[in-house]
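One structure is given here, and the rest of the page talks about it.
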Amino acid sequence: MNSSSINLAFKIAQNENRPALLTYTVAGDNNKKKSLEILKSISKYADICELGFPHNTPIADGGQIQTSAYRAIKNGIKINDVFSIVSQFKKLKKSKPIILMGYYNLIYQYNENKFLNKCKKSKVDGLIVVDLPFPENKKFASKCKRKNISFIQLISPTTSKSRLKQIIKSSHEMIYYISMLSTTGGKLKVSPRKILREYSKIKKQNKSKNVVIGFGITEKNINSLKKADGLVVGSAICKEITNSIKKRQNAVTNVINVVKRLKKKIT
Amino acid sequence: MKLKKNIPLIDQHDKYGFWGGKFGGSYIPETLKKPVEDLTKTFEKLRKDKKFIKKRDFYFKNYIGSPTSFIKLENLSNHLGGAQIWAKVVSEANGGAHKIYNATVHALICKAMGKKYIVGDTGAGYAGKMLSMAAKKFGLKCKIFMGAKDIKRQKPNCDAMKKNGAEIVPVYSGSQTLVDAVSECMRYWVSNCDNTHMCVGSTVGPNIFVKICGWSTAQISRELKAQLKKEFKKIPKKIKLINCVGGGSSAYGFWSEFIDFNKKQIELIGVEAGGPKKSKLHAAPLSKNAKIGILHGAASYVCQNNEGQIHETESISAGLDYPGVSPIHCFLKDTKRARYTFATDEEALNAYKLIKKYEKLNPSLEPSHAFAEVIKIAPGLSKDTICIVNSCGDAKKDRDILKKRLGKY
Ligand SMILES: Cc1ncc(COP(=O)(O)O)c(C=O)c1O
């Protein structure tokens with residue numbers, strides 16, 4: 001194991017006998033300034049922050065994240081703004097890992113190499129590219145590796161056994177297990193026990209990989225998945241932002257409260 | 001980048017699914033890898049299976065009604081002077097458009113895979129109508145995703161879908177047109193791929209969907225080839241095959257048998273939607289030189305901004321109103337085998353009027369774009385040039401738009 005900040009974050013959680021808490025918010029939701037504020041404040045409780053770079057044709061996202069993404073784009077977020085949010089955040093929270101997450105077309109238009117250089121410069125720790133699966137992602141993943149950026153692959157309930165092995169073998173320090181057949185934000189339609197059983201199959205292949213579970217996790221069910229190395233909550237947070245805006249309440253405080261409660265449930 | 005001879009264009013991709021090394025592919029979330037792989041295996045097996053081919057041909061003949069007729073538009077030709085204008089009246093196919101070929105094949109595949117549910121996207125409503133027909137015919141439960149704007153402007157097709165027992169799921173996100181319908185349909189498939197089959201309504205989407213659709217519509221050019229030989233004794237020396245291009249399924253189907261011919265003998269002309277004359281928006285990624293991007297799981301020329309956000313499009317024709325285009329058309333463009341141009345809303349409407357005036361033909365707004373091009377070029381061509389337009393849809397569905405824009409239907 002190397003001492004990347006992603007690995008360290010998992011280590012810290014492990015020492016505290018709890019899963020790492022990963023949050024997902026969309027960069028620029030609902031505007032650049034606010035999203036940095038939200039990021040800063042939730043990072044007190046989150047171990048790793050995933051930050052989405054929004055796309056207007058997201059084929060794997062449910063309603064909540066779509067809404068956040070459309071809102072951010074409407075308010076003028078550009079890729080360079082995403083990088084500047086990360087830079088500013090990292091100046092304050094050097095050791096808090098940031099994982100950028102999004103769709104390949106935005107990277108493709110920006111240019112892969114330029115994108116990765118920018119990631120490096122703004123101190124991005126990891127990348128998730130939703131629509132760049134194995135084996136098509138091999139070249140990009142190795143480019144990430146060369147830059148010391150962790151490329152995080154996804155595994156789903158539909159992933160076959162042989163594929164699972166190959167993905168784990170080619171993975172970096174973190175793997176993302178998708179809890180069920182769903183877009184983001186769906187209702188958890190599989191029992192936590194079954195999810196953890198699938199999760200164990202991944203862990204069994206290679207214990208040194210940090211495996212997180214995501215999709216459908218809320219305050220209601222997070223406790224039952226505590227055994228995982230890490231748990232990702234996204235839509236529940238995006239939804240809170242949407243509701244806060246609707247109710248003309250302070251999104252920052254409301255979101256902190258959600259994340260605080262999530263953390264408490266797994267501690 | 002080069003085209004190969006004697007290999008169907010749909011099969012001229014590399015192991016990752018790219019045509020010409022850069023168009024197509026399968027940019028899909030991990031969850032869809034397995035269902036796409038299963039579908040790929042099933043399709044490759046079925047297309048080699050003589051029993052399956054027999055079944056396909058049976059339904060093409062007895063259910064769809066092949067062959068559709070090939071007719072000379074005598075009055076229009078005389079009026080314009082110059083080239084002879086012919087039409088392949090694909091709108092005679094059951095349901096009124098070429099979308100029935102793809103829908104029928106997908107329903108057969110769905111059955112073969114033992115799935116009971118089928119979902120699909122639609123813009124003009126033809127892909128949805130045909131899928132609902134095929135689903136009904138083969139006993140499948142059907143859901144159609146359609147942009148809210150399209151539901152309003154293509155009501156007759158929506159009525160047909162409902163009559164066939166399909167559920168129409170209105171899509172309110174984005175521009176509320178085909179692009180959003182395809183996204184939503186894919187999202188639905190991500191969540192339900194264990195028991196549901198997805199049909200993509202054109203030669204777009206992840207590699208396998210391009211192939212299945214192209215394989216299905218190719219029937220059109222097989223018929224045309226035989227009809228040409230019958231009509232002219234042999235394939236004439238100067239032919240132009242003119243087809244509208246949305247996703248590109250009817251154009252590919254119209255051209256597939258003729259791609260190996262020299263382009264001096266058989267020119268392939270694709271006509272995209274130029275949008276309203278006064279608008280900056282359009283749906284013409286090929287002819288207006290859009291950049292390559294990834295949309296709905298494949299790389300193609302895509303109307304998008306510098307950042308990679310997909311642009312809104314605008315066209316009077318719901319079926320052509322799509323920011324991307326088939327990777328195989330990108331390949332045909334870059335290899336210069338086909339030529340792509342566009343017609344504006346106004347040009348398509350004028351073409352429709354002229355066709356109605358001179359012929360007993362009622363082309364929908366999509367093929368009216370192709371007719372607009374033939375009207376432009378025919379007068380300057382020699383008498384022995386055979387211009388053939390694929391009249392791939394019937395205008396009944398455009399009743400409301402035509403009434404509004406032309407004052408009558
Ligand atoms: C009649 C008709 N023509 C053309 C199209 C455009 O699609 P494609 O380019 O795949 O043929 C449609 C799509 O809905 C259509 O209904």
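The values are calculated or read from the model by the stated rules, or taken from the named source; none is laboratory data. Because the structure is predicted, anything quoted here is derived from the model rather than measured. Reconstructed Cβ throughout: ideal geometry from the backbone, glycine too, with neighbour counts over all protein chains shown.
This table checks each residue for (1) on the phi > 0 side of the Ramachandran plot; (2) touching a Cys at 6+ places or on another chain (Cβ under 8 Å); (3) within 14 Å of another protein chain (Cβ to nearest Cβ).
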position: B:GLY17; (1), (2), (3): yes, no, yes
position: B:PRO29; (1), (2), (3): no, no, yes
position: B:GLY65; (1), (2), (3): yes, no, no
position: B:ASN78; (1), (2), (3): no, no, no
position: B:ALA93; (1), (2), (3): no, no, no
position: B:TYR101; (1), (2), (3): no, no, no
position: B:ASP121; (1), (2), (3): no, yes, yes
position: B:SER132; (1), (2), (3): no, yes, no
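Take residues that are among the hydroxyl-bearing types (Ser, Thr, Tyr) and tell me which of the strands (runs of 3 or more DSSP E) falling wholly in segment A:8-125 contain 2 or more.
Values: elements: A:20-26, A:48-52, A:98-102.
Strands (runs of 3 or more DSSP E) meeting the threshold: A:20-26.
Hey, among B:LYS51, B:LYS33, B:LYS55, which residue is touching a Pro at 6+ places or on another chain (Cβ under 9 Å) and assigned to a helix (DSSP H, G or I)? Quick ask: steps written out before the conclusion?
On the way: B:LYS51 fails: touching a Pro at 6+ places or on another chain (Cβ under 9 Å); B:LYS55 fails: touching a Pro at 6+ places or on another chain (Cβ under 9 Å).
One residue alone meets the criteria, B:LYS33.
Does segment B:264-280 hold any residues that are crowded, with 17+ Cβ neighbours inside 10 Å and part of a loop (DSSP other than H, G, I, E, B), and which are they? Give the derivation first.
In the first step, residues of segment B:264-280 are kept if they are crowded, with 17+ Cβ neighbours inside 10 Å; the result is B:266-275.
Result: B:GLY274, B:GLY275.
Report the residue count in segment A:112-137 for those that are under 30 Å from A:LEU92 (Cβ atoms) and surrounded by 15 or more Cβ atoms within 10 Å (Cβ to Cβ). Full working, then the answer.
Going through segment A:112-137, the residues under 30 Å from A:LEU92 (Cβ atoms) turn out to be A:112-130.
From what's left, surrounded by 15 or more Cβ atoms within 10 Å (Cβ to Cβ): A:115-116, A:118-119, A:122-130.
Of the residues in that region, 13 qualify.
Consider B:ALA83 carefully, then state whether it is assigned by TED's automatic domain parsing to the domain that holds B:PRO156, small (Gly, Ala, Ser), touching a Cys at 6+ places or on another chain (Cβ under 8 Å) and at pLDDT 95 or above. Write out each step before concluding.
On the way: assigned by TED's automatic domain parsing to the domain that holds B:PRO156: no; small (Gly, Ala, Ser): yes; touching a Cys at 6+ places or on another chain (Cβ under 8 Å): yes; at pLDDT 95 or above: yes.
Answer is no for this residue.
Please verify whether segment B:161-174 includes one or more residues that are in contact (Cβ under 8 Å) with a residue 40 or more places away in the chain and more than 26 Å from A:GLU136 (Cα to Cα).
Taking segment B:161-174 and keeping what is in contact (Cβ under 8 Å) with a residue 40 or more places away in the chain, we get B:168, B:174.
Now restrict to residues that are more than 26 Å from A:GLU136 (Cα to Cα): B:168, B:174.
Yes.
Taking the condition of being more than 9 Å from chain B (Cβ to nearest Cβ) and crowded, with 22+ Cβ neighbours inside 10 Å, how many residues in segment A:38-63 meet it? Spell out how you get there, then give the answer.
Initially, segment A:38-63 is screened for residues more than 9 Å from chain B (Cβ to nearest Cβ), giving A:38-53.
Subsequent filtering for residues that are crowded, with 22+ Cβ neighbours inside 10 Å retains A:38-39, A:42, A:46-53.
Result for segment A:38-63: 11.
Quick one: B:LYS225 ticks every box in (1) more than 26 Å from B:HIS13 (Cβ to Cβ); (2) of a type in the set (D, E, K, R); (3) touching a residue at least 12 places away in the same chain (Cβ under 8 Å); (4) away from chain A (no Cβ under 14 Å) bar one, so which box is it?
It is condition (1) that B:LYS225 fails.
State yes or no: is B:GLY297 at positive phi and among the small types (Gly, Ala, Ser)? Can you show your working first?
Details: at positive phi: yes; among the small types (Gly, Ala, Ser): yes.
The answer is yes for B:GLY297.
Results for (1) over 28 Å from B:LEU295 (Cβ atoms); (2) away from the ligand (no atom under 13 Å from the Cβ); (3) surrounded by 21 or more Cβ atoms within 10 Å (Cβ to Cβ); (4) of a type in the set (A, V, I, L, M), shown as yes or no for each residue.
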position: B:MET186; (1), (2), (3), (4): no, yes, yes, yes
position: B:GLY201; (1), (2), (3), (4): no, no, yes, no
position: B:LYS234; (1), (2), (3), (4): yes, yes, no, no
position: B:PHE261; (1), (2), (3), (4): yes, yes, no, no
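State the number of residues belonging to segment A:162-174 that are within 12 Å of another protein chain (Cβ to nearest Cβ) and surrounded by fewer than 21 Cβ atoms within 10 Å (Cβ to Cβ).
So the answer is 4.
Looking only at segment A:58-78, decide whether some residue is over 19 Å from A:LYS145 (Cα atoms) and of a type in the set (Asp, Glu). Working first, answer last.
Initial filter on segment A:58-78 (over 19 Å from A:LYS145 (Cα atoms)): A:58-78.
Now narrow it down to the ones that are of a type in the set (Asp, Glu): A:61.
Among the residues of segment A:58-78, at least one is over 19 Å from A:LYS145 (Cα atoms) and of a type in the set (Asp, Glu), which makes the answer yes.
Among the listed residues A:ILE202, A:ILE213, identify the single one that is within 20 Å of the chain's Cα centre (by Cα), within 23 Å of B:CYS193 (Cα to Cα) and assigned to a helix (DSSP H, G or I). So that I can check it myself, show each step before the final result.
Values: A:ILE213 fails: assigned to a helix (DSSP H, G or I).
Result: A:ILE202 is the single residue among A:ILE202, A:ILE213 that is within 20 Å of the chain's Cα centre (by Cα), within 23 Å of B:CYS193 (Cα to Cα) and assigned to a helix (DSSP H, G or I).
For segment B:299-310, enumerate the residues that are within 9 Å of chain A (Cβ to nearest Cβ), in contact (Cβ under 8 Å) with a residue 12 or more places away in the chain and assigned to a loop (DSSP other than H, G, I, E, B). It would help to see each step written out before you state the result.
From segment B:299-310, those within 9 Å of chain A (Cβ to nearest Cβ) are B:299, B:302, B:304-310; that's our starting set.
Next, from what is left, pick out any that are in contact (Cβ under 8 Å) with a residue 12 or more places away in the chain: B:299, B:302, B:304, B:308, B:310.
If the condition is that a residue be within 9 Å of chain A (Cβ to nearest Cβ), in contact (Cβ under 8 Å) with a residue 12 or more places away in the chain and assigned to a loop (DSSP other than H, G, I, E, B), then B:GLY308 is the only one that fits.
Quick one: how many residues across segment B:73-101 are more than 27 Å from B:LEU381 (Cβ to Cβ), crowded, with 22+ Cβ neighbours inside 10 Å and not β-branched (Val, Ile, Thr)? Steps first, please.
Restricting attention to segment B:73-101, the residues satisfying the condition of being more than 27 Å from B:LEU381 (Cβ to Cβ) are B:93-97, B:99-101.
Subset that is crowded, with 22+ Cβ neighbours inside 10 Å: B:93, B:95-97, B:99-101.
Those still in the list that are not β-branched (Val, Ile, Thr) too: B:93, B:95-97, B:99, B:101.
Looking only at that region, the number is 6.
Among the residues of segment A:138-161, which ones are facing chain B (nearest Cβ under 10 Å), surrounded by 18 or more Cβ atoms within 10 Å (Cβ to Cβ) and assigned to a loop (DSSP other than H, G, I, E, B)? Lay out the reasoning, then the answer.
Within segment A:138-161, the subset facing chain B (nearest Cβ under 10 Å) is A:153-160.
Okay, now just the ones that are also surrounded by 18 or more Cβ atoms within 10 Å (Cβ to Cβ), so A:153-159.
Scanning segment A:138-161 gives A:SER156, A:PRO157, A:THR158, A:THR159.
Of the residues B:SER221, B:SER249, which single one is crowded, with 20+ Cβ neighbours inside 10 Å and within 11 Å of the ligand (Cβ to nearest atom)?
Going through B:SER221, B:SER249 in turn, just one is crowded, with 20+ Cβ neighbours inside 10 Å and within 11 Å of the ligand (Cβ to nearest atom): B:SER249.
For segment A:129-145, does any single residue satisfy the condition of being in contact (Cβ under 8 Å) with a residue 24 or more places away in the chain, of a type in the set (Val, Ile, Thr) and within 20 Å of A:PRO58 (Cβ to Cβ)? Let's see the steps before the verdict.
Of segment A:129-145, the ones in contact (Cβ under 8 Å) with a residue 24 or more places away in the chain are A:129-132, A:134-135, A:138, A:140-141, A:143-145.
Still in the running and of a type in the set (Val, Ile, Thr): A:129-130.
Those left that are additionally within 20 Å of A:PRO58 (Cβ to Cβ): A:129-130.
Checking segment A:129-145: at least one residue is in contact (Cβ under 8 Å) with a residue 24 or more places away in the chain, of a type in the set (Val, Ile, Thr) and within 20 Å of A:PRO58 (Cβ to Cβ).
Among the candidates B:ASN243, B:ASN195, which residue alone is buried (at least 24 other Cβ atoms within 10 Å of the Cβ) and of a type outside the set (Phe, Trp, Tyr)?
Working: B:ASN195 fails: buried (at least 24 other Cβ atoms within 10 Å of the Cβ).
The match here is B:ASN243.
So, B:LEU295, is that one within 14 Å of chain A (Cβ to nearest Cβ) and touching a Gly at 6+ places or on another chain (Cβ under 8 Å) or not? Spell out how you get there, then give the answer.
Working: within 14 Å of chain A (Cβ to nearest Cβ): yes; touching a Gly at 6+ places or on another chain (Cβ under 8 Å): yes.
Yes, satisfied.
Considering each residue of segment A:73-104, count those that are crowded, with 21+ Cβ neighbours inside 10 Å and within 11 Å of another protein chain (Cβ to nearest Cβ), and give that number.
6
Go through segment B:82-101 residue by residue and tally those that are more than 14 Å from B:ALA395 (Cβ to Cβ), part of a strand (DSSP E or B) and more than 15 Å from the chain's Cα centre (by Cα).
3
Do we find that B:GLY65 is of a type outside the set (Ser, Thr, Tyr) and within 20 Å of the chain's Cα centre (by Cα) in this structure? Full working, then the answer.
Details: of a type outside the set (Ser, Thr, Tyr): yes; within 20 Å of the chain's Cα centre (by Cα): yes.
Judged against the criteria, B:GLY65 is a match.
Residues in segment B:109-139 that are free of Cβ contacts under 8 Å to residues at least 60 places away in the same chain and away from the ligand (no atom under 12 Å from the Cβ): how many?
Here the count works out to 9.
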